[in-house]
1. Out of all the residues in region 31-49, which are out of contact with any Gly (no Cβ under 7 Å at 6 or more places or on another chain) and either over 24 Å from I124 (Cβ atoms) or of a type in the set (S, T, N, Q) (or both)?
2. Taking D39 as meeting all but one of (1) in a loop (DSSP other than H, G, I, E, B); (2) in contact with a Lys or Arg (Cβ under 8 Å, 6 or more places away or on another chain); (3) charged (D, E, K, R); (4) over 28 Å from Y175 (Cβ atoms), write down the number of the exception.
3. Would you confirm whether or not region 98-108 contains a residue that is without any contact (Cβ under 8 Å) to a residue 40 or more places away in the chain, buried (at least 16 other Cβ atoms within 10 Å of the Cβ) and of a type outside the set (F, W, Y)?
4. For S48, all conditions in the list (1) open to solvent by less than 30 Å² (accessible area, probe 1.4 Å); (2) over 23 Å from L165 (Cα atoms); (3) of a type outside the set (D, E); (4) touching a Pro at 6+ places or on another chain (Cβ under 9 Å) hold save one; what is the number of the exception?
5. Between residues in region 36-62 that are under 11 Å from I22 (Cα atoms) and residues that are open to solvent by 70 Å² or more (accessible area, probe 1.4 Å) and modelled with pLDDT under 90, which pairs lie under 8 Å by C-beta distance while being six or more apart or on different chains?
6. Can you confirm whether region 72-93 contains a residue that is open to solvent by 50 Å² or more (accessible area, probe 1.4 Å) and under 19 Å from A176 (Cα atoms)?
7. Based on this model, can you work out whether K155 counts as at pLDDT below 85 and basic (K, R)?
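The values are calculated or read from the model by the stated rules, or taken from the named source; none is laboratory data. Since this is a predicted model, take the numbers as computed values, not measurements. Note that we place each Cβ from the backbone using ideal geometry, even for glycine, and neighbour counts take in every protein chain shown. Side chains included, ligands, DNA and RNA excluded: accessible areas come from the protein's heavy atoms. Shrake-Rupley method; radii C 1.70, N 1.55, O 1.52, S 1.80 Å.
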Amino acid sequence: MYRCLTSMPSRCITPRTVAVRIYAAEAMKARDVTGGILDPADIIFSRSNDYGRTWQTVTRIGSRNATVLNDDNDGQRAKGLDEDVVNGQALVRLSVDESGNIGLIWYDTRRDPVGRRLELYVTISKDGGESFLPNFRLSDRSFNSDLVKFTEPTKADNFYLGDFLGLAFGDENAYAAWTNVGSNSQDVWVSRFRIDTPPAPANDRF
């Protein structure tokens, strides 16, 4: 029951139901029924429209149904088939703006045949996670984090790249920050792109 807790009824506001959406994303390995690894990692995305009571994981990338957001394997989890395309994705970061646009960024190895060199990939949803744009690359070069180290206060070498990416929206722009390797050091790189006109994906997904 709703009761107005004030002596001035004009200040009462009639309650209304507000739809609350929850989004979650994580990079997860694809495994077969025996627990063997089929794919180093995929970007798994879920959305809930009922306060987390139920979740949907199937979306679309372009016009295709997809179960993962990285489209190197057409948005599908690996099944152990010869035609599967398997690459590593890691450290996904999700952000939502006041208009409900969703953005995700992550490290991706799809352009390196041996899976060592990283690049930053992005996808955007403009309809609450029902569909996403094809992945596009935000970084302009790949890098191998194993080639650069830093010195800890104890003088020990450390090759740790970090475990956090930055993504924020503002005024129809997206701002991404990540650790890149160049000039024999680890540096923080920042890039900006428009949400309404994001960069185009490559003419293939690799």
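1. Answer for region 31-49, where residues must be out of contact with any Gly (no Cβ under 7 Å at 6 or more places or on another chain) and either over 24 Å from I124 (Cβ atoms) or of a type in the set (S, T, N, Q) (or both): R31, V33, T34, G35, G36, I37, S46, S48, N49.
2. For D39, the failing item is (1).
3. The answer is yes; a qualifying residue exists.
4. (4)
5. Pairs found: R47/R21; S48/R21; N49/A19; N49/R21.
6. The answer is yes; a qualifying residue exists.
7. In short, no.
A quick yes/no check of all residues on (1) surrounded by 12 or more Cβ atoms within 10 Å (Cβ to Cβ); (2) in contact with a Phe, Trp or Tyr (Cβ under 8 Å, 6 or more places away or on another chain); (3) touching a residue at least 12 places away in the same chain (Cβ under 8 Å):
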site	(1), (2), (3)
R117	yes, yes, yes
V122	yes, yes, yes
P134	yes, no, yes
L147	no, no, yes
N158	no, yes, no
D163	no, no, yes
G170	no, no, yes
V188	no, yes, no
S191	yes, yes, yes
